Amino acid sequence: MSNVVSIFKREFLGYFSTPIAYVFLAIFVFLSGIFTFYMGSFFDRGQADLQPFFQFHPWLYLFLIPALAMRLWAEERRGGTIELLLTLPVTISQAVLGKFLAAWAFSGIALLLTFPLWITVNYLGNADNGVILASYLGSLLMAGAFLAIGACMSALTRNQVIAFVVSAVVCFGFVLSGFPLVLDFFSSWAPEFVVQAVSSFSFLSHFNAISEGVIELRDVVYFVSLIAFWLFANAVVIDVKKAD
Amino acid sequence: MIEIRNLSKHFGDLTAVDDVSFQVARGDVLGFLGPNGAGKSTTMKMITGFIAPDAGSVVVGGEDIAVHPVEVKRRIGYLPEGAPLYGDMTVKGFLRFIAEIRGYRGGECDQRVDRAVELVSLGSVLGKPIETLSKGFKRRVGLAQAILHDPEVLILDEPTDGLDPNQKHDVRELIRGMAEDKIIVLSTHILEEVDAVCNRAIIIAEGRIVSDGTPAELVARSIMHNAISITVLGNAANGIRDALAGLPNVRGVEIDEEAGERVRLHVFPEGGAMLIEEVGRMVRERGWEIEELRVERGQLDEVFRNVTVGEGVMV
């Protein structure tokens with residue numbers, strides 16, 4: 001456990017030792033504002049809630065989270081430090097977990113920095129802060145799922161650009177799989193349960209309820225098991241092709 | 001004690017390490033020699049548990065690294081090839097990270113870092129980001145990281161690569177100073193280094209051990225070992241050569257250089273015999289005027305070339 005903490009600290013502080021952290025945080029807050037006010041018609045809706053803010057999170061995460069995750073392992077490979085890290089007395093799972101948690105905590109900070117929206121909505125009306133809190137937690141959970149995918153893709157390559165593009169595409173697949181576009185493609189030939197299965201893999205179908213403040217167990221289980229699966233895959237990838 | 005048993009590793013069709021076995025005991029400094037691509041680094045990566053061998057085992061202090069990887073890694077300090085480091089961290093931040101991972105906390109963590117910093121003289125760059133340091137400093141940070149926990153086993157992949165002669169000297173002094181109670185394995189392609197710090201040398205070529213012995217034994221395999229180099233003033237080169245060739249225990253005489261009024265020859269002994277007395281007597285008896293007369297120790301790079309280029313080259 002203490003190894004996880006050490007690795008977590010190193011990774012987490014690593015974000016702030018370069019301009020990456022500040023650029024990322026600024027863009028995240030800026031874009032979430034744009035989405036909320038312009039595309040989500042925050043004011044025109046006339047409701048004191050943050051649904052316009054949360055409903056765009058899957059799209060925001062789609063390209064911002066892979067940018068956060070791409071360096072996790074690709075940079076270790078490129079710099080050769082993976083050899084240093086994995087010959088220290090740490091297990092691969094500790095390294096995978098420490099890195100993931102650092103990136104997750106960082107995305108949590110990005111979310112926290114959107115607090116002016118929460119202040120705004122409370123200033124403008126009587127917002128249900130329980131719902132908002134639930135949505136924040138749900139959003140963080142979804143960010144974790146995106147990150148776990150990104151971390152695994154980052155483990156596959158020494159090139160951060162490739163890691164970014166591949167994880168964005170995979171995440172896109174997970175977001176889109178609830179869309180009629182994708183489902184129609186399957187429903188024309190596949191049996192109903194396949195269509196259901198594909199649909200149930202969608203981030204959107206699981207996040208929609210959450211963005212309205214309803215946290216259901218099955219949605220939580222979905223995101224948590226998705227995180228567990230991709231972190232496991234991450235560890236396997238590192239174990240199998242450490243030296244490549 | 002580390003025991004390497006029948007280690008093999010393949011990358012696709014390439015056999016990087018082929019049935020390598022050896023043991024190193026406490027107090028030994030083992031030099032790992034070989035041409036580039038011979039399998040030195042791959043062997044070291046397997047000893048330190050970074051990659052798993054296809055066959056064979058690595059046992060450190062009685063524990064198999066495949067069975068107890070974390071315990072074995074605790075006993076080892078490792079400087080990987082090229083000394084990879086987290087460039088965005090400061091020297092101090094990096095060493096503290098290593099100390100924490102090695103299980104040190106609080107005051108002991110500081111002590112360990114301070115001691116390692118002192119041993120490799122990093123005091124002047126403690127607060128600087130590693131990526132801004134010169135190659136020599138980076139290598140020393142890598143060394144500091146490896147020796148921070150005062151490990152029983154030290155594996156150093158080309159520890160002096162890219163250092164200037166003074167820095168090389170410092171690193172060798174450091175290694176010699178630690179040698180007594182440690183097991184040290186270092187790879188190099190600088191042959192003088194083996195002579196300077198190692199008490200044992202293994203030459204590896206195409207993944208196999210082709211020679212294993214002390215540096216002195218290695219040198220003794222040179223055809224120049226105990227040969228006499230002599231420079232005589234005069235121009236009767238052939239006469240001098242024939243006279244020297246007539247001495248007992250002489251295997252052959254070679255004219256190395258004939259320039260104007262002087263001739264330089266090498267006298268090769270039979271079976272490493274000492275010839276200096278006989279040659280000296282002949283010089284006096286014949287009244288040759290000599291400019292140079294010395295016994296050669298032998299040349300490591302010649303031995304290295306002979307054992308690594310393949311059989312049949314050695315006379």
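Derivation of every value follows stated rules applied to the coordinates shown; laboratory data play no part. Bear in mind the structure is a predicted one, so any value in this text is a computation, not a measurement. Cβ sites come from the backbone with ideal geometry, for glycine too, and all protein chains shown count toward neighbours.
Observations
- The order of A:CYS171, B:CYS109, going from fewest to most other C-beta atoms within 10 Å of their C-beta, is B:CYS109, A:CYS171.
- Computed from backbone phi, the HN-Hα couplings of segment B:199-216 come to 10, 7, 9, 10, 9, 10, 9, 6, x, 10, 7, 9, 7, 8, x, 6, x, 5 Hz, rounded to whole numbers (Karplus: 6.51 cos²θ - 1.76 cosθ + 1.60, θ = phi - 60°; Gly and Pro given as x).
- Amide hydrogen neighbours beyond the local backbone of B:ALA55, cut-off 5 Å, H modeled: B:SER8
- Take chain B and mark each of the GluC sites (Glu not before Pro) that is in a DSSP loop with at most 14 other Cβ atoms within 10 Å; the longest unmarked stretch, sites excluded, is B:1-260.
- Label sites at B:ASN199 and B:ASN235, each approximated as a point 7 angstrom past Cα along Cα to Cβ, lie 5.5 nm apart.
- Bridge orientation summary for segment B:122-243: considering DSSP beta bridges with both residues in this region, about 50 percent are antiparallel.
- For segment B:228-296, the Cβ-based charge dipole about the Cα centre amounts to some 160 debye (Lys, Arg positive; Asp, Glu negative; other atoms uncharged).
- Virtual spin-label span in nm between B:SER57 and B:ASP256, 7 Å along Cα→Cβ: 5.1 nm
- Inter-chain shielding of A:11-23 (mean C-beta neighbours from other protein chains, 10 Å cut-off): 2
- Across peptide A:75-88, the mean count of Cβ atoms from other chains lying within 10 Å of each residue's own Cβ comes to 6.
- Membrane-span-like helices in chain A, defined purely by DSSP H runs whose alpha carbon atoms cover 27 Å or more axially and whose average Kyte-Doolittle hydropathy reaches -0.5, are A:92-112, A:129-155, A:217-240.
- Dipole check for segment B:2-217: with +1 at the C-beta of Lys and Arg, -1 at the C-beta of Asp and Glu, and the Cα centre as origin, the magnitude is about 620 Debye.
- Applying the criteria of a DSSP loop state and at most 16 other Cβ atoms within 10 Å to the trypsin sites (Lys or Arg not before Pro) of segment B:76-130 yields B:ARG105.
- Choice from B:LEU143, B:LEU33, B:LEU119 with maximal GNM fluctuation in chain B (Cα, 10 Å cutoff): B:LEU119
- Under-5 Å amide H pairs with B:VAL17, H placed in peptide plane, nonlocal only: B:LYS9
- Using the Cβ-Cβ distance between B:ARG297 and B:GLN23 with R0 set to 30 Å, the FRET efficiency from 1/(1 + (r/R0)^6) comes to roughly 0.60.
- Nearest-0.05 FRET efficiency for A:TYR38 and A:GLU192, computed from C-beta distance (R0 45 Å): 0.70
- Among A:VAL220, A:VAL90, A:VAL194: highest mean-square fluctuation, GNM of chain A, C-alpha pairs under 10 Å: A:VAL194
- Each of A:ALA102, A:ASN234, A:ASN159 was scored by the projection of its Cα onto the charge dipole of the protein assembly as shown, and the greatest displacement toward the positive side belongs to A:ALA102; charges sit on the C-beta of Lys, Arg, Asp and Glu.
- Within the protein assembly as shown, antiparallel bridges make up roughly 70 percent of the DSSP beta bridges whose residues both belong there.
- Exposed chymotrypsin sites (Phe, Trp or Tyr not before Pro) absent - longest run of chain A, DSSP non-H/G/I/E/B, at most 13 other C-beta within 10 Å: A:44-188
- About its Cα centre, the dipole of segment A:2-240 is roughly 660 debye, where the only charges are +1 on Lys and Arg Cβ and -1 on Asp and Glu Cβ.
- Residue of B:ALA237, B:ALA227, B:ALA259 that the Gaussian network model of chain B assigns the largest fluctuation, springs spanning Cα pairs under 10 Å: B:ALA259
- For segment A:54-96, the residues whose backbone nitrogen is under 17 Å from a point 7 Å from the Cα of A:ALA228, taken along Cα to Cβ, are A:93-94.
- Length added when fully stretched, B:HIS68-B:GLU81, from 0.36 nm per residue minus Cα-Cα: 2.3 nm
- Cα gyration tensor shape of segment A:2-240, rounded if a/c is under 1.5, else prolate or oblate by comparing a/b with b/c: oblate
- Alpha-carbon centroids, segment A:50-64 and segment B:1-29: separation in whole Å: 54 Å
- Listed by chain and number, the aspartates and glutamates placed with their C-alpha closer than 15 angstrom to that of B:LYS92 are B:GLU100, B:GLU108, B:ASP110, B:ASP114, B:GLU118, B:GLU131; residues fewer than eight positions away on the same chain are left out.
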